[in-house]
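A short worksheet on the structure shown next.
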Amino acid sequence: MTDPISFSSASPRFALPLLFAGQSQKETTVNEALLAADFLMHPAVEAVVATPPTAPGNGQCWLVGSSPTGAFSGQSDRIAAWSEGGWRFIAPREGMRAYDVTAAAYRHYAGGSWHLIAAPAGPSGGSVIDSQARSAIAAILAALRSTGALS
């Protein structure tokens, strides 16, 4: 006799809940998955904090910093998202980016932690000033900042 097919209860990347045939209250599972997908579609976080905000707005997200307290305990480096149902914690994946509103820059998840993507410094120094090269480099940096690629 062949082995029955087994299905996971969650998606492999972000652990979004999956439905089962004959499952009751499917709307709960579907709504949880939609909430997580909503938070992950364009991850924008308010800031990096270790303590939960006192009055979060529906849909707001934060990155949980080191040594978290209160409702954030044990959730270091996760995305903490607030909804009507309370806090949702989403584990980041290697290579993930999130826009940090307070820092006005992107953060990149690599090597088990979030890193601020900082813009390189503009040209300076040297004994001969090449104004055309400096202008070109400054224009490139400005274009990268305006697209959000650099802070």
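The values are calculated or read from the model by the stated rules, or taken from the named source; none is laboratory data. Computed from a predicted model, the values in this text were never measured in an experiment. Here the Cβ is made from the backbone with ideal geometry for all residues, glycine too, and neighbour counts use every protein chain on show.
Being at pLDDT below 90, farther than 15 Å from ALA44 by Cα, small (Gly, Ala, Ser) and surrounded by 11 or more Cβ atoms within 10 Å (Cβ to Cβ) is a property that does not hold for ALA149.
Criterion applied to ILE79, ILE117 was being free of Cβ contacts under 8 Å to residues at least 40 places away in the same chain, within 30 Å of SER67 (Cβ to Cβ) and surrounded by 11 or more Cβ atoms within 10 Å (Cβ to Cβ), and the one residue passing it is ILE117. The set of residues from the stretch 41-64 being over 9 Å from ASP100 (Cα atoms), in contact (Cβ under 8 Å) with a residue 12 or more places away in the chain and aliphatic (A, V, I, L, M) comprises VAL49, ALA50, VAL64. Hey, among the residues in the stretch 51-96 that are closer than 18 Å to ALA15 by Cα and of a type in the set (D, E, K, R), which one's farthest from the chain's Cα centre (by Cα)? It comes out as ARG88.
Being aliphatic (A, V, I, L, M), under 30 Å from ALA142 (Cα atoms) and not in a strand (DSSP E or B), is that true of even one residue in the stretch 43-54? Write out each step before concluding.
At the first step, the residues of the stretch 43-54 found to be aliphatic (A, V, I, L, M) are 44-45, 47-50.
Adding the requirement that they be under 30 Å from ALA142 (Cα atoms) leaves 44-45, 47-49.
Subset that is not in a strand (DSSP E or B): 47.
Checked against the condition, which is being aliphatic (A, V, I, L, M), under 30 Å from ALA142 (Cα atoms) and not in a strand (DSSP E or B), the stretch 43-54 yields at least one hit.
Does SER67 satisfy the condition of being at positive phi, hydroxyl-bearing (Ser, Thr, Tyr) and surrounded by fewer than 18 Cβ atoms within 10 Å (Cβ to Cβ)? Yes; evaluated as a whole, the condition is true for this residue. The listed residues are VAL30, VAL64, VAL48, and the only one of them that is more than 25 Å from ALA105 (Cβ to Cβ) and in contact with a strand residue (DSSP E or B) (Cβ under 9 Å, 6 or more places away or on another chain) turns out to be VAL30.
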